[in-house]
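The values are calculated or read from the model by the stated rules, or taken from the named source; none is laboratory data. It should be emphasised that the depicted structure is a prediction, and the values quoted were computed from it without experimental measurement. So basically every Cβ, Gly included, is an ideal-geometry build from the backbone, and we count neighbours across all protein chains shown. The protein model used for the area step is the full one, side chains on, heavy atoms only, and it has no ligands, DNA or RNA in it. Shrake-Rupley method; radii C 1.70, N 1.55, O 1.52, S 1.80 Å.
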Amino acid sequence: MTDPAVHFAGQRRMLQRDRASAALGIVVERDEPGEAVVSMRVRDDMTNGFAITHGGMVFALADTAFAMACNEDDDVTVAAGADISFLKATHAGQALTAHARRRILSGRNGLYDVTVTDETGDVVAEFRGRSVTTRRTHPDDAAGGGAAASVTG
């Protein structure tokens, strides 16, 4: 398994601890406040019984972009909810890209849209995430190994 600290070297500590994204081979293309772009090549072990990309893999890619876009400072922000619409099937060998953008940030709540495309630019899925900023500390900051916050959203 890929060590996330090596896979995401130079990225924010939230992503450095994200073992799921590292295991999926997710690569950070852009990381800006309120916006993020990540990509992933679909492997054979990411397909379902119909030989198409498992929806959970597409969701995980979009969720990683969402998490990056809404965690733009030292506050721990997590998902309050998310919905996805699958629009096009993909297969092993294809490259997927998720582009997350903040729509609105109001107090501790945010709304983000993520578009997932394939290597031809066709839209594969549309994801909408709702975030909430918590009062949690990052696991690295928690005295005595306090509770770890979810990396999601």
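Worth a mention:
- Qualifying residue in region 40-53 (condition: modelled with pLDDT under 95 and either under 12 Å from the mean Cα position of the chain (by Cα) or not in a helix (DSSP H, G or I) (or both)): no
- The residue that is surrounded by the fewest Cβ atoms within 10 Å (Cβ to Cβ), counting only those in region 37-61 that are out of contact with any Ser or Thr (no Cβ under 8 Å at 6 or more places or on another chain) and small (Gly, Ala, Ser), is 49.
- Only residues that are in contact with a strand residue (DSSP E or B) (Cβ under 7 Å, 6 or more places away or on another chain) and in a loop (DSSP other than H, G, I, E, B) were counted across region 65-75, and they come to 2.
- Of all residues in region 62-69, one or more are among the hydrophobic types (A, V, I, L, M, F, W, C), closer than 21 Å to residue 120 by Cα and surrounded by 13 or more Cβ atoms within 10 Å (Cβ to Cβ).
- Qualifying residue in region 104-113 (condition: open to solvent by less than 40 Å² (accessible area, probe 1.4 Å), over 20 Å from residue 23 (Cα atoms) and free of Cβ contacts under 8 Å to residues at least 40 places away in the same chain): yes
- Consider region 89-103 and keep the residues that are free of Cβ contacts under 8 Å to residues at least 60 places away in the same chain, surrounded by 15 or more Cβ atoms within 10 Å (Cβ to Cβ) and of a type outside the set (A, V, I, L, M). The one that is farthest from residue 15 (Cα to Cα) is 90.
- Put simply, of 90, 97 the only residue that is farther than 16 Å from residue 129 by Cα and in a loop (DSSP other than H, G, I, E, B) is 90.
- Selection from region 70-83 of residues that are open to solvent by less than 60 Å² (accessible area, probe 1.4 Å), under 22 Å from residue 19 (Cβ atoms) and either over 16 Å from the mean Cα position of the chain (by Cα) or modelled with pLDDT of 95 or more (or both): 82
- Residue count for region 11-26, restricted to those that are modelled with pLDDT of 90 or more, surrounded by 15 or more Cβ atoms within 10 Å (Cβ to Cβ) and of a type in the set (A, V, I, L, M, F, W, C): 3.
- Test: residue in region 56-64 that is in a strand (DSSP E or B) and either among the polar types (S, T, N, Q) or under 17 Å from residue 15 (Cα atoms) (or both): no
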